[in-house]
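I have placed the structure first, in the form of structure tokens, so that the comments after it can refer back to it.
The values are calculated or read from the model by the stated rules, or taken from the named source; none is laboratory data. None of these values were measured; they are calculated from a predicted model. Note that each Cβ is placed from the backbone with ideal geometry, even for glycine, and that neighbours are counted across all protein chains shown.
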């Protein structure tokens, strides 16, 4: 009964949001929120603008993803598009996605025993108003010291593949996290509180 009511509410009151991301975790969060969405990942090459302050550089990437999907689908009506980007920074060094297992090993060896920052930006296009709202949040994650055997065990799980910093905090990496400050959902890849406020502020019919 609940699922039928929920589906009816979505169809009657909410427009579909294009999610410019192939991230499985962001898709799961959209499902948790009960938002109707379609996945059209951006095709752009993700290059961080090093001339910008780090936070602004991440915001620029999120905006570029939205614009990439919008411009590549001009023949289709896309009133709402959401794009996001997440990077990890330790002492000014950016940790992106590992190119291979050895690269992931180097990243984890650097992160263990340290506290790093996770910056996630979310951009939302209201196509009817031709307006993009972009916001970001910075959180901190502290890793316990890890022995070589622990690092190898984690690498063998394969969780390092396709994620910034080569770890998934929502997975087995939680075994090595001693503290987080900020937004857990943002660390995972989509700051739920900020995204909810963005939807509300930009006139999307969600929540109160």
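Residues in the stretch 198-207 that are part of a loop (DSSP other than H, G, I, E, B) and touching a residue at least 60 places away in the same chain (Cβ under 8 Å): 202, 203, 204, 205, 206.
Residues are listed down the side, and each one gets a yes or a no for (1) surrounded by 19 or more Cβ atoms within 10 Å (Cβ to Cβ); (2) on the phi < 0 side of the Ramachandran plot; (3) in contact with a strand residue (DSSP E or B) (Cβ under 7 Å, 6 or more places away or on another chain); (4) without any contact (Cβ under 8 Å) to a residue 12 or more places away in the chain:
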{"site": "33", "(1), (2), (3), (4)": "no, yes, no, no"}
{"site": "45", "(1), (2), (3), (4)": "no, yes, no, yes"}
{"site": "51", "(1), (2), (3), (4)": "no, yes, no, yes"}
{"site": "66", "(1), (2), (3), (4)": "yes, yes, yes, no"}
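Yes or no: residue 188 closer than 20 Å to residue 94 by Cβ, surrounded by 18 or more Cβ atoms within 10 Å (Cβ to Cβ) and in contact with a helix residue (DSSP H, G or I) (Cβ under 7 Å, 6 or more places away or on another chain)? For residue 188, the condition - closer than 20 Å to residue 94 by Cβ, surrounded by 18 or more Cβ atoms within 10 Å (Cβ to Cβ) and in contact with a helix residue (DSSP H, G or I) (Cβ under 7 Å, 6 or more places away or on another chain) - is met. Residues of the stretch 74-92 being free of Cβ contacts under 8 Å to residues at least 40 places away in the same chain and over 22 Å from residue 186 (Cβ atoms), which ones? Correct list: 74, 75, 76.
Looking across 106, 138, 88, one residue alone is assigned to a strand (DSSP E or B), over 30 Å from residue 205 (Cα atoms) and out of contact with any helix residue (DSSP H, G or I) (no Cβ under 6 Å at 6 or more places or on another chain). It is 88.
Restricting attention to the stretch 66-84, the residues being under 21 Å from residue 137 (Cβ atoms) and at pLDDT below 90 number 0.
Going residue by residue through the stretch 51-68, is there one that turns out to be part of a strand (DSSP E or B) and touching a helix residue (DSSP H, G or I) at 6+ places or on another chain (Cβ under 9 Å)?
No, the stretch 51-68 contains no residue that is part of a strand (DSSP E or B) and touching a helix residue (DSSP H, G or I) at 6+ places or on another chain (Cβ under 9 Å).
When restricted to residues that are assigned to a loop (DSSP other than H, G, I, E, B) and either surrounded by fewer than 13 Cβ atoms within 10 Å (Cβ to Cβ) or touching a helix residue (DSSP H, G or I) at 6+ places or on another chain (Cβ under 7 Å) (or both), the stretch 73-85 contains 5.
Here residue 154 does not qualify as surrounded by 13 or more Cβ atoms within 10 Å (Cβ to Cβ), in a loop (DSSP other than H, G, I, E, B) and over 19 Å from the mean Cα position of the chain (by Cα).
Among the candidates 93, 117, the residue that is within 25 Å of residue 173 (Cβ to Cβ) and modelled with pLDDT under 95 is uniquely 93.
Condition check for residue 195 on (1) surrounded by fewer than 17 Cβ atoms within 10 Å (Cβ to Cβ); (2) not in a loop (DSSP other than H, G, I, E, B): one failure, at (1). Scanning the stretch 157-183 for residues that are outside any loop (DSSP other than H, G, I, E, B), loosely packed, with under 15 Cβ neighbours inside 10 Å and in contact with a strand residue (DSSP E or B) (Cβ under 8 Å, 6 or more places away or on another chain) yields 177, 178, 179, 181.
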